[in-house]
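Here is the structure we will look at, set down as structure tokens.
The values are calculated or read from the model by the stated rules, or taken from the named source; none is laboratory data. Predicted model, so just to flag it, every value in this text is computed and none were measured. Here the Cβ is made from the backbone with ideal geometry for all residues, glycine too, and neighbour counts use every protein chain on show.
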Amino acid sequence: MTQIAATAVVYPGTVIGDGCVVGDYAVLGKQPALSPRSTAAREELPPLELGPGTIVSAGAIVFAGTRIGERVIVGDQACVRERCEIGDDVVVGRGSLVENDTTIGALTKIQANAYVTAYSTLEDEVFIAPGVITTNDNFMGRTEKRHELRRGPTIRRGARIGGGAVLCPAVEIGEEAYVGAGAVVVGDVPAGAVVVGNPARQIREVATDELLGAPPAGASGT
């Protein structure tokens, strides 16, 4: 049974799957209001789609033109912008912002107060710790050249990004890589690497027992 709080705002056409929960003062299906200088696409967007079992918590905003998978949780006061694709069983933590034109794979966890910039790609089972910042513009709003180069990070399957880390534009974080807390990543990170510091540097490989699908500690084969 779908539950929609009396104080929630649901824009016409929004598709809400079975068993969804929409919290107090949540806003669903909002069209973006763009400034005259915004570089985002200007178009009338199709309706928001929420998959079955999804929870949009109190004060959260999810824009039109976005598709949310099944059993997703959008935390209190979080925001998911337009033209995003969110896979099944994703968590967008309290106060986090997922900007426009971003793709997030299934089972990814984005914790509180993280910033996922526009034009980012997060594959399945990525972990984003609290306060992570991603960026997409090396020119910080100056020169026309920036438009064709603007791109957020690509974070491959199973990669983990530690608290307060900063990812510079267009970097690729390899599959199962580990970025330590507070690191500033200015270049690509190889699959399975552990990187720390500013600028981030590799210090070792991720331990085998930390990889996705690894047998539990102490388990033995037969």
Out of all the residues in region 66-73, is one or more modelled with pLDDT of 95 or more, surrounded by 18 or more Cβ atoms within 10 Å (Cβ to Cβ) and in contact with a Pro (Cβ under 6 Å, 6 or more places away or on another chain)? yes
Condition broken by ILE110, with the remaining ones in (1) in contact with a Cys (Cβ under 8 Å, 6 or more places away or on another chain); (2) crowded, with 24+ Cβ neighbours inside 10 Å satisfied: (1)
Against the conditions (1) touching a Lys or Arg at 6+ places or on another chain (Cβ under 8 Å); (2) of a type outside the set (D, E, K, R); (3) assigned to a loop (DSSP other than H, G, I, E, B), where does VAL62 fall short? Just the number, please. (3)
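May I ask you to say which residue of PRO36, PRO46 is closer than 17 Å to CYS84 by Cβ, over 20 Å from the mean Cα position of the chain (by Cα) and not β-branched (Val, Ile, Thr)? Reasoning before the result, please.
Values: PRO36 fails: closer than 17 Å to CYS84 by Cβ.
Checking each option against the conditions leaves just PRO46.
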Read through the list (1) over 15 Å from THR102 (Cβ atoms); (2) over 17 Å from the mean Cα position of the chain (by Cα), then give the number of the only condition that ASP137 fails. (1)
From (1) over 21 Å from the mean Cα position of the chain (by Cα); (2) of a type outside the set (Ser, Thr, Tyr); (3) over 23 Å from ASN113 (Cβ atoms), pick out the condition that doesn't hold for GLY197. (3)
Selection status of ARG150, in contact with a Phe, Trp or Tyr (Cβ under 8 Å, 6 or more places away or on another chain), charged (D, E, K, R), closer than 22 Å to LEU107 by Cα and crowded, with 17+ Cβ neighbours inside 10 Å: no
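If I filter region 1-39 down to residues being in a strand (DSSP E or B) and of a type in the set (Val, Ile, Thr), which single residue comes out as nearest to GLY65 (Cα to Cα)? Spell out the reasoning first.
From region 1-39, those in a strand (DSSP E or B) are 3-4, 9-10, 15-16, 21-22, 27-30; that's our starting set.
This time we only want the ones that are of a type in the set (Val, Ile, Thr), so: 4, 9-10, 15-16, 21-22, 27.
Working: ILE4: 20, VAL9: 16, VAL10: 14, VAL15: 11, ILE16: 13, VAL21: 20, VAL22: 18, VAL27: 14 Å.
Per the stated criteria, the residue is VAL15.
Which of the residues belonging to region 176-203 are closer than 21 Å to ASN138 by Cα and surrounded by fewer than 20 Cβ atoms within 10 Å (Cβ to Cβ)? I'd like the intermediate steps shown before the answer.
Restricting attention to region 176-203, the residues satisfying the condition of being closer than 21 Å to ASN138 by Cα are 179, 182-189, 197-201.
Matches in region 176-203: GLY182, VAL184, VAL186, GLY187, ASP188, GLY197, ASN198, PRO199, ARG201.
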When residues of region 87-98 are limited to those that are over 8 Å from the mean Cα position of the chain (by Cα) and surrounded by 22 or more Cβ atoms within 10 Å (Cβ to Cβ), the one farthest from LEU149 (Cα to Cα): VAL90
